[in-house]
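**Student:** The structure that follows is given in the form of structure tokens.
The values are calculated or read from the model by the stated rules, or taken from the named source; none is laboratory data. It should be emphasised that the depicted structure is a prediction, and the values quoted were computed from it without experimental measurement. Cβ placement follows ideal geometry from the backbone for every residue including glycine, while neighbour counts extend to all protein chains displayed. Side chains included, ligands, DNA and RNA excluded: accessible areas come from the protein's heavy atoms. Shrake-Rupley method; radii C 1.70, N 1.55, O 1.52, S 1.80 Å.
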Amino acid sequence: MERLKSAAPAELRRAVGEGTAADLPSTTSKLLAFLEALPLFHQVIGELTEPELALCRKDKGRAAELKGKGNACFSKREFEQALGFYSQALRYFPISPDGTDASLIATLYVNRASTMHKLGLLEECLRDCDRAISVSPSYAKAWYRRGMVNASLKNYSSAIHDLEVALSMEVTCSGKSNIEQELKLILQKLQNVNEVGTSSSDFTDADCPHTGRGMMSPNDISPASLIHAEDPLAVIIMKSCRDTHCHYCFSEAPADVVFCPSCTIPIYCSNRCHEKAVGKISCNQTTCLESNNNVVDIAKLSVTSTKSKTPNSKQIAEHRHECGGAHWAAVLPADIVLAGRIMAQYIEKQLLAGKRSTISGPNLDLVHHYDQDSSASKFESHIYATVLFLCLQSYYQSGVSWAEDSLSQLVLLICQIKVNSIAIVHMKSMDGGKALTKGFSGFSGDVMCSVEQVRVAQAIYMSGSFFNHSCRPNVHAYFHSRTLILRSTEYIKAGSPIELSYGPQVGEMDLPERQKSLRENYYFSCGCSNCSVLSLSDLVMNSFFCPQSNCLGAVSELIHHRCKENFVHVSIGESHDVSKCDEDMVKVGKLFFKSDAISNIDPGFCMSCRSQLDLSSAVAMSDRATSKINRLKELPALDNVPEVLIAEALQSLEQIEKLRHPYSKALAQAHDIIAEAFAKVGDQEQARKHCEASIEILEKLYHPRHIIIAHELIKLVSIELSMGDGASAAAAFARADAIFSLYYGPDVKRILSYVDALRRTVSERLLTLSFSVYCSSKLEAT
């Protein structure tokens with residue numbers, strides 16, 4: 001795209017950059033006319049749309065080569081490598097419409113199934129056997145392999161049936177003899193099971209429940225209530241997750257991934273997700289998640305001045321127009337591909353309804369802020385819209401007649417996506433979380449359980465887009481698969497605004513950072529109550545100690561001027577209810593502004609006594625100390641952290657403690673990094689000390705019942721379990737669990753599976769502890 005941008009004359013770029021939304025018909029037509037006369041443009045479009053040039057096309061020769069590599073690895077018992085090669089062979093193998101290559105496809109499925117059987121991936125192995133049989137029902141090896149894996153799963157009745165079918169189809173004497181021997185063994189096992197009175201049951205896959213709608217309530221909304229649930233109008237997986245996550249539900253891909261039959265781009269976790277993606281299964285967007293009288297029907301609630309529209313629940317194949325050999329969807333940025341999906345969905349719905357009139361573009365009724373966009377961004381949107389327009393034209397060809405303003409509408413659609421799209425994030429537990437699934441007996445002493453948010457996809461939610469932003473929201477947004485779920489985190493009075501966070505929050509960023517982020521990404525200056533009222537979190541998170549030893553005030557990097565005409569109020573906790581109000585923060589706030597004569601908050605000056613600090617020098621010293629501590633974080637995930645680095649980090653921590661305010665974010669982060677380092681080397685007592693110090697600060701910057709605090713408490717729980725302190729671990733977990741329940745309601749188990757694993761671990765430890773106490777009491781009694 002850079003070649004096309006640089007090829008455009010300066011006059012054309014200037015006209016696009018200086019134009020408004022009203023000028024789009026003119027600027028888009030001028031750019032299209034210029035590009036159509038440019039050979040480079042036709043070369044680029046050809047590279048993106050010609051099947052012969054596509055990088056994502058199927059390739060039988062490459063599939064055969066990958067299969068051979070898989071066979072070689074399998075022979076050498078390198079099963080993990082073999083699994084990778086067989087999966088890639090399935091990705092590249094072309095599926096002919098007449099089924100002439102069915103036996104080869106079935107062979108690949110059975111080869112992968114055999115590999116997964118060796119690796120102990122029994123459920124995945126069973127699914128691949130089912131796929132092989134559906135492709136080639138007379139393939140004896142598929143029935144044999146399914147029989148063997150059913151035997152491993154102790155589904156003996158099914159195993160006998162499968163092996164009997166395999167025996168009837170097998171043509172070689174050696175093959176028949178082998179199957180007969182396996183049948184005898186399994187019949188003996190079934191007889192033994194029947195003798196001890198244990199019944200066997202076949203393995204079955206449980207379907208995931210549908211997700212859907214919220215309902216309106218005119219009443220006040222209680223904490224943890226379901227506010228809204230919605231499936232996206234359109235969604236696209238992030239490029240970084242293409243090979244690791246299902247392209248439909250966005251869960252981590254299993255070993256037995258399913259591939260698109262027409263190209264090599266998408267992977268799916270199951271046949272069901274593949275069928276949903278190609279439109280074979282319709283997804284109901286209005287299925288209720290839970291029964292709750294406080295759920296808000298967004299179609300009836302005036303959250304903004306514009307009423308939201310519920311998208312048509314008719315399932316449209318979201319990937320079909322990107323298939324067929326063209327690879328533009330693999331090359332263009334995610335938001336451009338998302339625009340293509342919305343446009344294709346609009347076209348398909350028009351065609352399904354029998355409307356073959358001239359296609360213009362979907363009217364999403366969403367803001368676009370085109371006029372506020374930068375000149376460079378406007379020109380880039382023009383270029384990408386033109387390229388996408390030609391790619392869609394190449395797919396639909398003569399089947400669609402395009403209106404004159406189609407290109408203009410596409411530019412606005414791209415801008416709407418920039419402003420209104422929502423990142424789908426999934427929670428992923430780190431190494432410590434994996435250890436929790438083993439139970440207390442398998443819990444490692446050198447881990448500190450932590451989680452991270454993984455941005456897996458980008459989506460447009462029509463109703464969700466109408467919720468306003470707040471830097472201290474009263475609604476928590478999370479995702480189950482691709483469904484957006486909003487849940488209240490505090491009591492909301494009838495008629496009060498319902499607000500979620502677009503990213504920046506109090507405690508995470510200070511006021512200038514939040515405003516900068518929102519202006520750059522969403523083109524507005526936040527006017528929420530926490531931006532019009534300067535909170536103590538904003539004042540202290542990046543502040544320094546007063547240079548006067550007898551003064552408890554702080555030196556801030558913020559610039560705020562107060563006067564009668566423009567008074568900046570400082571919140572000291574009154575915006576929260578009493579249960580959340582922190583007395584320490586109230587005291588700190590009163591110290592900052594004990595004199596009514598103070599009218600300015602200037603960088604470098606104490607907010608209490610007005611003493612001056614060399615701010616640039618203090619910042620430089622703090623940054624150097626922080627950099628030394630961060631070296632611990634940059635080490636590989638090993639348990640042999642050099643002692644010299646820990647000693648150096650502790651010295652740097654002392655420096656930060658002398659420079660920074662006790663509630664500064666830098667100090668909390670330093671404690672957290674050092675806690676993890678101590679956990680790695682097995683010094684759990686020191687790990688707990690620094691983890692608790694970090695949590696204490698974060699509770700001041702956020703609030704004690706913020707979701708961030710819950711995740712930090714999980715780290716503390718893992719440390720205390722490693723120490724064998726089950727009682728303290730249980731107390732910390734109870735605090736975390738209460739917060740998770742507030743933010744996720746009954747969805748905690750399915751959204752945060754590692755929390756449920758930790759709950760079992762804590763319970764197991766408490767039972768062990770109780771039994772020990774019981775035994776001790778019995779011994780004392782005797």
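**Student:** What number of residues within segment 400-445 are at pLDDT 90 or above, open to solvent by less than 20 Å² (accessible area, probe 1.4 Å) and over 30 Å from Ser375 (Cβ atoms)?
**Tutor:** Count: 1.
**Student:** A follow-up question, please. Considering every residue within segment 361-370, establish whether at least one is part of a helix (DSSP H, G or I) and more than 27 Å from the chain's Cα centre (by Cα).
**Tutor:** There is at least one residue in segment 361-370 that is part of a helix (DSSP H, G or I) and more than 27 Å from the chain's Cα centre (by Cα).
**Student:** Hey, can you tell me all the residues within segment 363-382 that are closer than 23 Å to Leu32 by Cβ, open to solvent by 50 Å² or more (accessible area, probe 1.4 Å) and acidic (Asp, Glu)?
**Tutor:** Those that are closer than 23 Å to Leu32 by Cβ, open to solvent by 50 Å² or more (accessible area, probe 1.4 Å) and acidic (Asp, Glu): Asp371, Glu380.
**Student:** Additional query: Give just the number: which of (1) of a type outside the set (D, E, K, R); (2) open to solvent by 30 Å² or more (accessible area, probe 1.4 Å); (3) modelled with pLDDT under 90; (4) in contact with a Ser or Thr (Cβ under 9 Å, 6 or more places away or on another chain) does Tyr156 not satisfy?
**Tutor:** Of everything listed in (1) of a type outside the set (D, E, K, R); (2) open to solvent by 30 Å² or more (accessible area, probe 1.4 Å); (3) modelled with pLDDT under 90; (4) in contact with a Ser or Thr (Cβ under 9 Å, 6 or more places away or on another chain), Tyr156 misses just condition (2).
**Student:** State whether one or more residues within segment 69-78 are open to solvent by 80 Å² or more (accessible area, probe 1.4 Å), in contact (Cβ under 8 Å) with a residue 12 or more places away in the chain, of a type outside the set (S, T, N, Q) and touching a helix residue (DSSP H, G or I) at 6+ places or on another chain (Cβ under 7 Å).
**Tutor:** Yes; the residues of segment 69-78 include at least one that is open to solvent by 80 Å² or more (accessible area, probe 1.4 Å), in contact (Cβ under 8 Å) with a residue 12 or more places away in the chain, of a type outside the set (S, T, N, Q) and touching a helix residue (DSSP H, G or I) at 6+ places or on another chain (Cβ under 7 Å).
**Student:** In segment 341-387, what count of residues is obtained for those that are closer than 19 Å to Ile460 by Cα and basic (Lys, Arg)?
**Tutor:** 2
**Student:** When you go through Tyr522, Tyr502, Tyr478 one by one, which is the residue that is closer than 30 Å to Tyr248 by Cβ, modelled with pLDDT under 85 and of a type in the set (Ser, Thr, Tyr)?
**Tutor:** None of the others qualify; the one that does is Tyr522.
**Student:** Please find, within segment 21-49, the residue that is nearest to Leu410 (Cα to Cα) out of those that are modelled with pLDDT of 90 or more and touching a Phe, Trp or Tyr at 6+ places or on another chain (Cβ under 7 Å).
**Tutor:** The selected residue is Ala21.
Per-residue answers, yes or no, for (1) touching a strand residue (DSSP E or B) at 6+ places or on another chain (Cβ under 8 Å); (2) modelled with pLDDT under 90; (3) surrounded by 14 or more Cβ atoms within 10 Å (Cβ to Cβ); (4) more than 26 Å from Cys56 (Cα to Cα):
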| site | (1), (2), (3), (4) |
| --- | --- |
| Asn192 | no, yes, no, yes |
| Val196 | no, yes, no, yes |
| His210 | no, yes, yes, yes |
| Gly214 | yes, yes, yes, yes |
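**Student:** Right, here's the next one. For segment 487-508, name all the residues that are in contact with a helix residue (DSSP H, G or I) (Cβ under 7 Å, 6 or more places away or on another chain) and at negative phi.
**Tutor:** Selection gives Arg487, Thr489, Tyr502, Pro504, Val506.
**Student:** Within segment 322-334, count every residue that is farther than 15 Å from His247 by Cα and at pLDDT 85 or above.
**Tutor:** 4
**Student:** With (1) of a type outside the set (Ser, Thr, Tyr); (2) open to solvent by 30 Å² or more (accessible area, probe 1.4 Å); (3) in contact (Cβ under 8 Å) with a residue 12 or more places away in the chain as the list, and Ile179 as the residue in question, which single condition is left unmet?
**Tutor:** For Ile179, the failing item is (2).
**Student:** Just to be sure before I move on: is Ser168 outside the structural domain of Ala255 (by the TED database), more than 37 Å from the chain's Cα centre (by Cα) and free of Cβ contacts under 8 Å to residues at least 24 places away in the same chain in the structure I sent?
**Tutor:** Against the criterion (outside the structural domain of Ala255 (by the TED database), more than 37 Å from the chain's Cα centre (by Cα) and free of Cβ contacts under 8 Å to residues at least 24 places away in the same chain), Ser168 qualifies.
**Student:** Let me ask something else. Tally up the residues in segment 727-751 that are over 22 Å from Val475 (Cβ atoms) and surrounded by 23 or more Cβ atoms within 10 Å (Cβ to Cβ), please.
**Tutor:** Result for segment 727-751: 3.
**Student:** Does Gln453 satisfy the criteria of being open to solvent by 30 Å² or more (accessible area, probe 1.4 Å) and at pLDDT 85 or above?
**Tutor:** No: the conditions fail for Gln453.
**Student:** Would a scan of segment 363-384 turn up a residue that is aliphatic (A, V, I, L, M) and within 26 Å of Cys56 (Cβ to Cβ)?
**Tutor:** Yes, the conditions are met somewhere in segment 363-384.
**Student:** What are the pairs, 6+ residues apart or on separate chains, where a residue within segment 245-269 that is surrounded by 20 or more Cβ atoms within 10 Å (Cβ to Cβ) has its Cβ under 9 Å from a residue that is of a type in the set (Gly, Ala, Ser) and assigned to a strand (DSSP E or B)?
**Tutor:** His245/Ala457; His247/Ala457; Phe250/Ala457
**Student:** From Arg624, Arg610, Arg688, grab the single residue that is open to solvent by 20 Å² or more (accessible area, probe 1.4 Å), at pLDDT 90 or above, of a type in the set (Lys, Arg) and more than 31 Å from the chain's Cα centre (by Cα).
**Tutor:** The match here is Arg624.
**Student:** Next question. Which is aliphatic (A, V, I, L, M) and more than 27 Å from the chain's Cα centre (by Cα), of Ala693, Ala738?
**Tutor:** Matching residue, one of Ala693, Ala738: Ala693.
Yes/no matrix, rows are residues, columns are (1) under 31 Å from the mean Cα position of the chain (by Cα); (2) under 18 Å from Phe259 (Cα atoms):
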position	(1), (2)
Pro97	no, yes
Leu104	no, yes
Thr107	no, yes
Ala113	yes, yes
His117	yes, no
Cys125	yes, yes
Asp128	yes, yes
Arg131	yes, yes
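**Student:** Kindly evaluate Ile697 against the criterion of being in contact with a His (Cβ under 9 Å, 6 or more places away or on another chain) and buried (at least 23 other Cβ atoms within 10 Å of the Cβ).
**Tutor:** Taking the combined requirement at face value, the residue satisfies it.
**Student:** Could you please find all residues in segment 16-56 being surrounded by fewer than 18 Cβ atoms within 10 Å (Cβ to Cβ) and small (Gly, Ala, Ser)?
**Tutor:** Result: Gly17, Ala21, Ala22, Ser26, Ser29, Ala33, Ala37, Gly46.
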